[in-house]
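Novice: If you scroll down you'll find the structure; I have some questions about it.
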Amino acid sequence: MTQLIAGQLLNGAIVGTLYGIVALGVTLTFGITGIVNFALGVFMMLGAYAAWYFADTVGLPYPLAVLAAVGVTAAAGLAADQALFRFTRNNLVNGLLVSLGLIAVLEACALLVFTATPKEMHRVLPGIVMLGGLVLPKMKLVVFVLLLAVIFATYAALTRTWTGRAAYAYAQNPEAAALMGVATARLQSGVVVYSCALAGLGGALYAALYSLEPTLGSLFILKAVEAAILAGIGSVTGALLGGVILGVTEGVGSIYLPLAFRDAYGLVFLVLILLFKPAGLFAGRR
Amino acid sequence: MKRVAGTALVAAALLALPLATQSDFVLTILVFAFLQGMLAVSFNLVFGYAGQLSMFHAAAFGIAAYATHLFGKHLGVGYWGGVLLAAALVAAISVVVGAICFRFRLREFYFAVVTLAFSEMARLTVLNWNSMTNGSLGINLQDKATLWLPGIGVSAIDSTLAWYYVALGALAITLVVCWRLVHSWMGRAFVAIRLNDELGDTLGINVFRYKLVAFTAGSIMAAFAGSLYAYFLGSLEPGLLSIDTSLGIIAMVLLGGRRAVAAPVLGALVLTALPHLIHFSAEIRSLVYGAILIFSILVMPQGIYGAAAQLIRRHA
């Protein structure tokens with residue numbers, strides 16, 4: 001029993017980092033452009049299919065395929081930003097509706113191109129690691145470490161570089177930041193594109209672990225938004241923590257409670273957080 | 001006066017339409033459009049007038065569809081007994097959900113997320129309560145919707161023509177109720193809340209109460225739409241409560257227009273008729289919905305009604 005719980009804890013933490021990477025995009029986009037980009041889920045889906053396509057059909061080695069997938073999602077993100085999101089800055093409801101429309105369009109395109117049949121990528125890194133009696137596929141460990149590294153690198157970049165500080169400054173006071181020489185339009189586009197690229201990275205790594213369906217993004221974006229709100233929107237490390245908390249709750253929760261309602265636990269938790277601690281669990285942290 | 005004449009003309013044309021065509025194809029599309037229009041008009045009361053982006057509308061619609069059947073079957077109250085009990089159930093749930101959201105002052109995005117969460121919980125419940133709802137397979141409705149007519153008594157609604165008049169009547173009632181609400185003191189309170197609820201509060205408007213009234217009234221009308229829709233369709237499925245249904249409702253309202261009570265009906269007509277007139281697969285339909293949503297937000301934020309009104313004003 002303890003092994004089962006420990007296993008679910010670990011698994012939950014790994015899935016949680018996947019939630020976290022998308023949640024990070026949600027948080028950054030909201031902080032800088034004032035909209036919640038629900039379409040990040042489909043960018044994750046796009047990244048997953050791109051990685052699958054580059055690795056299995058084109059035949060690139062997996063790491064290169066991941067890079068190519070990130071490139072593709074970044075480009076798609078730039079296109080979406082210039083064509084759509086540029087016009088909905090700081091208009092939460094319009095931004096939400098446009099991203100909902102974008103989800104419908106991109107998901108339908110994915111269904112037309114890739115069909116609803118789940119796609120399975122070749123095993124990238126077969127083999128397992130034994131971790132104190134727990135069996136863990138090597139690839140899951142790699143994904144976990146990689147995502148953690150990217151999230152912490154983002155945090156470091158935001159706090160240590162000029163651009164990162166400019167982003168914080170902009171989030172706190174757009175006018176003052178603009179007066180201090182922050183190129184606000186470029187900053188906003190940059191953050192939207194970077195968030196899409198993060199989601200694409202999450203998707204590309206997801207492709208190595210699970211089978212792909214065109215609807216995979218919908219589930220993940222809901223979880224990511226939950227994670228971002230849970231932690232307090234605007235907090236980078238909070239996005240990671242929120243994701244992990246959510247992943248672990250689901251993993252451990254499904255041992256004791258019926259599996260069918262697994263997606264509901266997170267929702268109940270989210271509603272309670274919003275009601276009683278609306279600023280989020282880690283309010284005030286960056 | 002012009003407006004009254006116009007309304008009377010449209011009403012007369014719609015009443016007389018079956019004289020011109022008895023085509024099942026045309027009437028079926030119109031019945032769906034009227035019922036979807038009911039849903040869109042009632043959603044617009046909450047969204048367009050009171051300014052609350054509720055994602056609970058699809059849930060109210062779906063819960064009522066299931067509840068009508070289940071009450072009718074297990075309590076033996078007949079179709080209309082089921083409809084009324086379903087509406088009462090939806091009203092009760094909406095008051096609870098709305099009271100939670102508004103008491104804690106959830107706004108805009110947060111309100112949308114929490115209502116979406118409640119909506120998803122309802123969908124998961126329907127999906128997993130196999131003994132009652134038959135899970136993801138749904139239920140084929142064997143029983144028929146009925147109607148009491150003076151002189152004829154209670155009879156089943158089974159012809160498309162009968163459904164046409166029932167749906168038209170239901171839409172008309174919804175429009176009248178919404179029109180009366182919007183053009184009353186309460187409607188002005190809704191608009192005040194949309195524009196600035198803090199200011200409304202200082203003017204003595206009970207923001208909590210009127211938000212709750214708008215939300216609950218909208219949900220009850222969605223419930224009636226759901227009860228009718230399911231029985232016209234002849235089946236129940238968890239998809240009725242899905243995010244896609246919410247998305248469809250929002251698309252209808254944005255396309256039709258937000259600033260007039262009847263405008264969303266235009267959106268419902270276009271979006272219901274379009275996939276039938278051109279044979280779209282499910283994927284293409286979803287693509288078209290998404291594209292229309294984006295298009296109406298970015299290019300035509302006033303919707304068809306607003307754009308047409310502007311055009312007329314410019315040329316008048």
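The values are calculated or read from the model by the stated rules, or taken from the named source; none is laboratory data. As the structure is a prediction and not an experimental result, all values here were calculated from the model. Positions of Cβ are generated from backbone atoms using ideal geometry, with glycine treated the same way; all protein chains shown enter the neighbour counts. All accessible areas refer to the heavy atoms of the entire protein, side chains included, with ligands and DNA or RNA removed. Shrake-Rupley method; radii C 1.70, N 1.55, O 1.52, S 1.80 Å.
Novice: If each of A:VAL129 and A:LEU275 carries a label point 7 Å out from its Cα toward its Cβ, how far apart are those two points in nm?
Specialist: 4.1
Novice: Just to check I understand the Karplus step: with θ = phi - 60° and J = 6.51 cos²θ - 1.76 cosθ + 1.60, what whole-Hz values come out for the stretch B:295-306, glycine and proline as x?
Specialist: 4, 6, 5, 8, 9, 10, x, 8, x, 4, 4, x
Novice: What are the semi-axes of the equivalent ellipsoid of the stretch B:185-316, taken as the square roots of 5 times the eigenvalues of the Cα gyration tensor, listed largest first and rounded to whole Å?
Specialist: After scaling each eigenvalue by five and taking roots: 29, 23, 13 Å.
Novice: Roughly how many Å² is the accessible area per residue of chain B, as a whole number, for a 1.4 Å probe?
Specialist: 45
Novice: Now for a separate question. Projected area of the stretch A:1-78, taken from the Cα convex hull and averaged over every viewing direction, in nm²?
Specialist: Result: a mean projected hull area of 6.9 nm².
Novice: When every alpha-carbon pair in the stretch A:35-83 is counted, what percent end up more than 13 Å apart?
Specialist: When all Cα pairs of the stretch A:35-83 are counted, 55 percent exceed 13 Å.
Novice: Find the percent of Cα-Cα distances in the stretch B:103-237 that exceed 17 Å, and round it to a whole number.
Specialist: 72
Novice: Please report, to two decimal places, log10 I(q)/I(0) for chain B at q = 0.11, 0.14 Å⁻¹ as given by the Debye formula with identical point scatterers on the Cα atoms and no solvent.
Specialist: Summing over Cα pairs of chain B leads to -0.69, -1.14.
Novice: Starting from the amide H of B:GLN52, placed 1.01 Å from N in the peptide plane, find each other amide H under 5 Å away whose residue is 5 or more places distant or on another chain.
Specialist: It is B:PHE47, by chain and number.
Novice: Project the alpha carbons of chain A onto their principal axes and report the range along each, largest first, in whole Å.
Specialist: 57, 47, 34
Novice: Using a simple spin-label model with points 7 Å from Cα along the Cα→Cβ vector, what separation in nm is obtained for B:ARG314 and B:GLN22?
Specialist: The modelled label-to-label distance comes out at 4.5 nm.
Novice: Taking each pair of different alpha-carbon atoms in the stretch B:1-100 once, compute 1/r for the pair, average those values, and report the inverse of that mean as the Kirkwood hydrodynamic radius in Å to one decimal.
Specialist: Kirkwood radius, the stretch B:1-100: 16.3 Å.
Novice: If you don't mind, there's one more thing I want to ask. Applying 1/(1 + (r/R0)^6) with R0 = 22 Å to the Cβ-Cβ distance of B:ALA92 and B:SER131, what FRET efficiency is obtained, to the nearest 0.05?
Specialist: It comes out at approximately 0.45.
Novice: Okay, moving on. With n ≥ 4 as the cut-off for DSSP H runs, can you work out [θ] at 222 nm for the protein assembly as shown, using -39500 (n - 2.57) per run divided by the number of residues, rounded to the nearest 500?
Specialist: Mean residue ellipticity, 222 nm, calculated: -25000 deg cm²/dmol.
Novice: With N denoting the number of residues in the protein assembly as shown, provide Rg(C-alpha) divided by 2.2 N^0.38 Å, to two decimal places.
Specialist: Dividing the Cα radius of gyration by 2.2 N^0.38 Å gives 1.01.
Novice: HN-Hα J couplings of the stretch B:221-236 from phi, Karplus 6.51/-1.76/1.60, θ = phi - 60°, integer Hz, Gly and Pro as x?
Specialist: These are the phi-based 3J(HN,Hα) values: 5, 4, 5, 4, 4, x, 4, 6, 4, 4, 6, 6, 5, x, 7, 10 Hz.
Novice: Further, regarding this structure: So how strong a dipole does the protein assembly as shown carry about its Cα centre when Lys and Arg Cβ are +1 and Asp and Glu Cβ are -1, to the nearest 20 debye?
Specialist: Charge dipole, the protein assembly as shown, about its Cα centre: 1300 debye, nearest 20.
Novice: Another question about this same structure. Just A:ALA185, A:ALA50, A:ALA204 to compare: in a GNM of chain A, with alpha carbon springs under 10 Å, which one fluctuates most?
Specialist: A:ALA185
Novice: Let's test the formula: R0 of 41 Å, r as the Cβ-Cβ distance of B:HIS74 and B:LEU161. What FRET efficiency results, to the nearest 0.05?
Specialist: Working from the Cβ atoms, E equals 0.85.
Novice: Under a point-charge model restricted to the Cβ atoms of Lys and Arg (+1) and Asp and Glu (-1), what is the dipole moment magnitude of the stretch A:44-152 relative to its Cα centre, in debye to the nearest 20?
Specialist: So the magnitude is around 180 debye.
Novice: While we're looking at this one, here's another question. Using only the alpha-carbon atoms of the stretch B:18-166 as identical scatterers, what base-10 log of I(q)/I(0) does the Debye formula give at q = 0.12, 0.20 Å⁻¹?
Specialist: Debye curve over Cα of the stretch B:18-166, log10 I(q)/I(0) at q = 0.12, 0.20 Å⁻¹: -0.65, -1.32.
Novice: Considering only DSSP states other than H, G, I, E and B, which chymotrypsin sites (Phe, Trp or Tyr not before Pro) in the stretch A:177-230 qualify as loop sites with at most 15 other Cβ atoms within 10 Å?
Specialist: Sparse-neighbourhood loop chymotrypsin sites (Phe, Trp or Tyr not before Pro): A:TYR210.
Novice: Apply the Kirkwood formula to the stretch B:61-138: the hydrodynamic radius equals the inverse of the mean of 1/r over all pairs of different alpha-carbon atoms; give it in Å with one decimal.
Specialist: It works out to 13.6 Å.
Novice: How many percent of the accessible area of the protein assembly as shown is carbon or sulfur, using a 1.4 Å probe?
Specialist: C and S fraction of accessible area: 68 percent.
Novice: Shape verdict for the stretch A:187-262, please, from the Cα gyration tensor: rounded (a/c under 1.5), prolate (a/b greater than b/c) or oblate.
Specialist: Oblate, since a/c reaches 1.5 and b/c is not below a/b.
Novice: Work out the charge dipole of the protein assembly as shown with +1 on the Cβ of Lys and Arg and -1 on the Cβ of Asp and Glu about the Cα centre, then indicate which of A:TYR155, B:LEU14, B:GLN142 is farthest towards its positive end.
Specialist: A:TYR155
Novice: As an exercise, take the mean of 1/r over every pair of distinct alpha carbons in the stretch A:69-132, invert it, and state the Kirkwood radius in angstroms.
Specialist: Answer for the stretch A:69-132: a Kirkwood hydrodynamic radius of 15.0 Å.
Novice: Next question. Based on alpha-carbon atoms only, what is the radius of gyration of the stretch B:217-281 relative to the globular estimate 2.2 N^0.38 Å?
Specialist: 1.18
Novice: Identify, among A:PRO258, B:GLN310, B:PHE118, the residue whose Cα sits farthest towards the positive end of the charge dipole of the protein assembly as shown, taking +1 on the Cβ of Lys and Arg and -1 on the Cβ of Asp and Glu, with the dipole about the Cα centre.
Specialist: In the protein assembly as shown, that residue is B:GLN310.
Novice: Could I ask something else about it? Expressed as a whole percent, how much of the Cα-Cα distance distribution for the stretch B:114-178 exceeds 13 Å?
Specialist: Value for the stretch B:114-178 (Cα pairs over 13 Å): 76 percent.
Novice: What number do you get for the stretch A:123-248 when its Cα radius of gyration is normalised by 2.2 N^0.38 Å, N = residues?
Specialist: Dividing the Cα Rg of the stretch A:123-248 by 2.2 N^0.38 Å gives 1.26.
Novice: With Rg and the Kirkwood Rh both taken from Cα atoms, where does Rg over Rh land for the stretch A:52-181?
Specialist: Taking Rg over the Kirkwood Rh, I get 1.06.
Novice: With r as the distance between the Cβ atoms of A:THR215 and B:LEU84 and R0 = 35 Å, compute the FRET efficiency 1/(1 + (r/R0)^6) and round to 0.05.
Specialist: Result of the calculation: an efficiency of 0.45.
Novice: If you wrap a convex hull around the C-alpha atoms of the stretch B:1-52 and split its volume per residue, what is the figure in Å³?
Specialist: In the stretch B:1-52, the Cα convex hull volume per residue is 78 Å³.
Novice: Let's see if you can work this out: charge +1 on each Lys and Arg Cβ, -1 on each Asp and Glu Cβ, no other charges. What is the dipole magnitude of chain B about its Cα centre, in debye to the nearest 20?
Specialist: So the dipole magnitude of chain B works out to roughly 920 debye.
Novice: While we're on this one: Looking only at A:MET180, A:MET45, A:MET139, which one moves most when chain A is put into a Gaussian network model with springs between Cα atoms under 10 Å?
Specialist: With Cα springs under 10 Å in chain A, the top fluctuation among A:MET180, A:MET45, A:MET139 is at A:MET180.
Novice: Any idea which of B:TYR165, B:LEU199, B:ALA223 is furthest toward the positive side of the dipole for the stretch B:130-236, if Lys and Arg beta-carbons carry +1 and Asp and Glu beta-carbons -1?
Specialist: Of the candidates, B:LEU199 comes out farthest on the positive side.
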